[in-house]
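Participant: One structure is given below, represented as structure tokens, and several questions about it will come after.
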Amino acid sequence: MNSASTLLSCAIVFTIVARTLATTDSAYPSPYGVETTTTACNPYAIADDGLVPVRKEVYDKGRIFDISHRYHPNMPSWESEDGVGQFLWLPKSMKNGSLANNSEMKLPTHTGTHVDAPGHVFDHYFDAGFDVDTLDLEVLNGAALLVDVPRDKNITAEVMKSLSIPKGVRRVLFRTLNTDRRLMYTKEFDTSYVGFMKDGAQWLVDNTDVKLVGIDYLSVAAFADLIPAHLVFLEGREIILVEGLKLDDIQPGVYTVHCLPLRLLGAEGSPIRCILIK
Ligand SMILES: [Zn+2]
């Protein structure tokens, strides 16, 4: 593993501990994702009590698209063959006498659909505090263009030019071969994903008004240009990178995007919930 990709693989893990209402800590961990008949623990299991929650990708008769991936143990993780693995526990469990169920989670911040802050690839920005809490919500919310890029190559300057993204467009979600290959649904990390080459990133910075760059695998940058392309995008601290988007089955065109990262002080990445509205 080279040091550059190690850096990308998530410098920070965080733990969120739900506020506990329990009066006992005798409950023992009950891992999520383990074979179970309850739908709360395994969304794909059939409940035996007739209670079946509805899980949707599209809401309001096709008007609202959820473009975030669901977090689960088998989702891909940077340079891992085994996926994310268990990231949720239930240390306070009603089955074990707690007054309420209270989960804990521990997850690399660049897992699934997530955002990169400038501190991800610039250590002086990291030290100065350019974390996910400093990202501009105006950039992360507003009119956005969903475009299909040529399927046979990375996003180079030539490809960027061919897309003819109009001046004034500030948010673009790039759908690539990664979506066709369903890479975000594949447990094993795949270095053959497509993304921006350094010259493609530079072309975007020099010739467009795009400030939100979205892509459909774990990195906006192709593996061959991993750090160089990130540096080009993040150096100016104006462009925000959203990675791991779920762009299946949506017509290309103009939408309103809403993306909201967690306010993780000091973190250079965060899980992010993104939706598109027609
Ligand atoms: Zn990232």
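The values are calculated or read from the model by the stated rules, or taken from the named source; none is laboratory data. Because the structure is predicted, anything quoted here is derived from the model rather than measured. Neighbour counts are summed over all protein chains in view; Cβ atoms, including those assigned to glycine, are modelled from backbone coordinates with ideal geometry.
Participant: I'd like to know if the range 28-38 contains one or more residues that are touching a helix residue (DSSP H, G or I) at 6+ places or on another chain (Cβ under 8 Å), modelled with pLDDT under 95 and over 30 Å from VAL242 (Cα atoms). I'd like the intermediate steps shown before the answer.
Facilitator: Initially, the range 28-38 is screened for residues touching a helix residue (DSSP H, G or I) at 6+ places or on another chain (Cβ under 8 Å), giving 28, 30.
With modelled with pLDDT under 95 added as a condition, the list becomes 28, 30.
If we keep only those that are over 30 Å from VAL242 (Cα atoms) as well, we get 28, 30.
Scanning the range 28-38 turns up at least one residue that is touching a helix residue (DSSP H, G or I) at 6+ places or on another chain (Cβ under 8 Å), modelled with pLDDT under 95 and over 30 Å from VAL242 (Cα atoms).
Participant: Now for a different question. So which pairs qualify, if the first residue must be in the range 237-256 and touching a residue at least 60 places away in the same chain (Cβ under 8 Å) and closer than 15 Å to THR179 by Cα, the second must be part of a strand (DSSP E or B) and away from the ligand (no atom under 16 Å from the Cβ), the Cβ gap must be under 6 Å, and the two must be at least 6 apart or on different chains?
Facilitator: From the range 237-256, the pairs are LEU247/ARG175; ILE250/PHE65; PRO252/LEU146; PRO252/VAL147; PRO252/ASP148.
Participant: Do you know which of the residues in the range 217-237 that are closer than 22 Å to HIS69 by Cβ and in a loop (DSSP other than H, G, I, E, B) is farthest from the chain's Cα centre (by Cα)?
Facilitator: Checked the range 217-237; the qualifying residue farthest from the chain's Cα centre (by Cα) is ALA222.
Matching residues to (1) closer than 16 Å to PRO76 by Cα; (2) not aliphatic (A, V, I, L, M):
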| site | (1), (2) |
| --- | --- |
| LYS187 | yes, yes |
| GLY195 | no, yes |
| LEU212 | no, no |
| PHE223 | yes, yes |
| PRO271 | yes, yes |
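Participant: Look through the range 96-118, keep the residues that are more than 17 Å from the chain's Cα centre (by Cα) and among the small types (Gly, Ala, Ser), and return whichever of them is nearest to the ligand (Cβ to nearest atom). Working first, answer last.
Facilitator: Filtering the range 96-118 for residues more than 17 Å from the chain's Cα centre (by Cα) gives 96-104.
After this cut, where a residue has to be among the small types (Gly, Ala, Ser) as well, the list is 97-98, 100, 103.
Details: GLY97: 40, SER98: 35, ALA100: 33, SER103: 24 Å.
Taking the candidates together, the pick is SER103.
Participant: With the requirement that a residue be surrounded by fewer than 16 Cβ atoms within 10 Å (Cβ to Cβ), over 15 Å from VAL242 (Cβ atoms) and not hydrophobic (A, V, I, L, M, F, W, C), what does the range 127-155 give you?
Facilitator: Hits for the range 127-155 are ASP127, GLY129, ASP133, THR134, ASP148, PRO150, ARG151, ASP152, LYS153.
Participant: Another question, then. So, in the range 238-278, how many residues would count as being in a strand (DSSP E or B), over 12 Å from the mean Cα position of the chain (by Cα) and either within 16 Å of the ligand (Cβ to nearest atom) or closer than 12 Å to HIS120 by Cα (or both)?
Facilitator: Total satisfying the criteria: 1.
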